[in-house]
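Only one structure is covered here, and it is reproduced in the block below.
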Amino acid sequence: MQQGRSQQLFEQAQRVIPGGVNSPVRSFRAVEGTPPFIARGQGAWVWDVDGNEYIDYLGSWGPLALGHAHPAVVEAVQRAAADGTSFGAPVEQEVELAEMICAALPSVDLVRLVNSGTEACMTALRLARAYTGRSKIVKFAGNYHGHADGLLVAAGSGALTHGVPTSAGVPEAYAAETLIAAYNDIASVEGLFDAWPDDIAAVIVEPVAGNMGVVPPAEGFLESLRRVTEANGALLIFDEVITGFRVAYGGAQTLFGITPDITTMGKIIGGGLPVGAYGGRHDVMQQVAPLGQMYQAGTLSGNPLAVAAGVATLTELRRPGVYEQLEATATRLIDGVGAAFARAEVPSTVNRVASMFTGFFNPGPVAALAQVEQSDTAAYGRYMHALLDRGVYIAPSQFEAGFVSIAHTDADIDRTIEVVGDALAAMG
Ligand code: HOZ
């Protein structure tokens, strides 16, 4: 695989951007090597600046359920751009996107659009604190809700990958407001409520963990969270930044039949442009300025290009048969990859929920962070590079999710399975 131009750009980038990247997980530090600089994408494929082509399972970390450069999204963005890129004033299409979100998510009566999942989660905490008058938050070790101070405590994703689950620069007093529970362990949550019965404003959870690799919720875990939060006067926040419109059109709350108090979103609702959102019940959302006293604002919130991409994406996703297609594609992939690992006699566990998945170098089961952390990350790194060399792009970290889109064809999947077999054989 040629990497001359990527190598040159990476060196150039490191002179002006910390680590040469604008988000740490892109740096390839966990798997070593040079990240390919991507020149373009089409459907399920991306091409780098050296002309290498890859079948893409990163999907920009989740937003691209339609694949790259879907014609409906491209046309919507081009049309919006021609009319002006930002006004700092209401536009018609933000109403349309908000209506689509409220119609899809049973728990959301009102929704506020922001610019990223980080912003959505950060604000959801402030909202829960404003609503309850309490200060503490419960989060789960290995869950990741973006990089706001109170959420970078025992965090997953890049924070886990790069060994800084609790970031430097977060004041101790502030981190102390974040209580840590164990994912899929309801007793750990109950213990925190026993210790701080009147202080916990909310429990925030990834209903399907995606940021320590995919870990599905254990049977009854989400139901128990709903019960325990309600019994203790705390709010339940579902971080559906990854799962929203991904595991079902109505997100994980529809898939599992749970009604959270607040939902955060991002990724798919922006169709690949920067969008986040938080929403919930009327009485909770009444706290948000200008209706209430909880302040949150943004120059580019509800940006016309971003909401146009979001509306186009959701319009495509709500067509009949789309989620069945995603399910079939993901099943074909995971069955084939699982068989290749079995043939190669490499101990592995593949966790999958709908079109999101992670293959762990771990005999399993992988149902908790402690088990995730027992995975062979060095083997993952070798595997990831062996795939990359053969034209398949997966996340450059064991602790992330992979995604299929409606653009992945059976031929793409079969090619991938063949490549996985070759890669495992080459690894020895
Ligand atoms: N939530 C994404 C990773 N799991 C964000 C990607 C990034 O950190 O760049």
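Every number in this text was worked out from the coordinates using simple rules, so none of it is lab data. On a predicted model such as this, the values are computed, not experimentally measured, just so you know. Neighbour counts run over all protein chains shown; Cβ positions are idealised from the backbone, glycine included.
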| request: Output the Cα-based Rg and Dmax of the stretch 99-156 in Å, rounding Rg to one decimal and Dmax to a whole number. | output: 12.8, 35
| Tell me, in nm to one decimal, what length is gained between Ala218 and Arg343 on full extension, where the rule is 0.36 nm per residue of separation less the Cα-Cα distance? | 42.1 nm
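Label the stretch 185-332 by shape, choosing from rounded, prolate and oblate, from the square roots a ≥ b ≥ c of the eigenvalues of the Cα gyration tensor; if a/c is under 1.5 it is rounded, and otherwise prolate applies when a/b is larger than b/c, oblate when it is not.
oblate
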| If you stretched the chain out fully between Thr85 and Thr315, how much longer would it get, using 0.36 nm times the residue separation minus the C-alpha to C-alpha distance? | 80.7 nm
| Cβ-derived FRET efficiency at R0 30 Å, Asp198 paired with Gln286, nearest 0.05 | 0.85
| Globularity ratio of the stretch 282-390, using Cα Rg and 2.2 N^0.38 Å | 1.62
| field | Net charge contributed by nearby residues that have their C-beta within less than 13 Å of Tyr278 (K/R +1, D/E -1) | value | -2
| query | Given the chain reduced to its alpha-carbon atoms as identical point scatterers, what log10 I(q)/I(0) does the Debye formula return at q = 0.09 Å⁻¹? | reply | -0.54
| Selection of trypsin sites (Lys or Arg not before Pro), the stretch 127-168, meeting DSSP coil and at most 14 other Cβ within 10 Å | none
| query | Can you list the residues, at least 5 places off or on another chain, whose amide H is less than 5 Å from the amide H of Val392, using H built in the peptide plane? | reply | Ile55
| So what's the back-of-envelope 222 nm ellipticity for the chain, counting only DSSP H runs of four-plus at -39500 (n - 2.57) apiece and dividing by all residues, rounded to 500? | -11500 deg cm²/dmol
| Label points 7 Å out from Cα along the Cβ direction at Gln374 and Glu190: separation in nm? | 2.5 nm
| said: Through the Karplus equation 6.51 cos²θ - 1.76 cosθ + 1.60, θ set to phi - 60°, convert the phi angles of the stretch 52-62 into ³J(HN,Hα) values in whole Hz; use x for Gly and Pro. | reply: 6, 10, 9, 7, 9, 10, 7, x, 6, 6, x
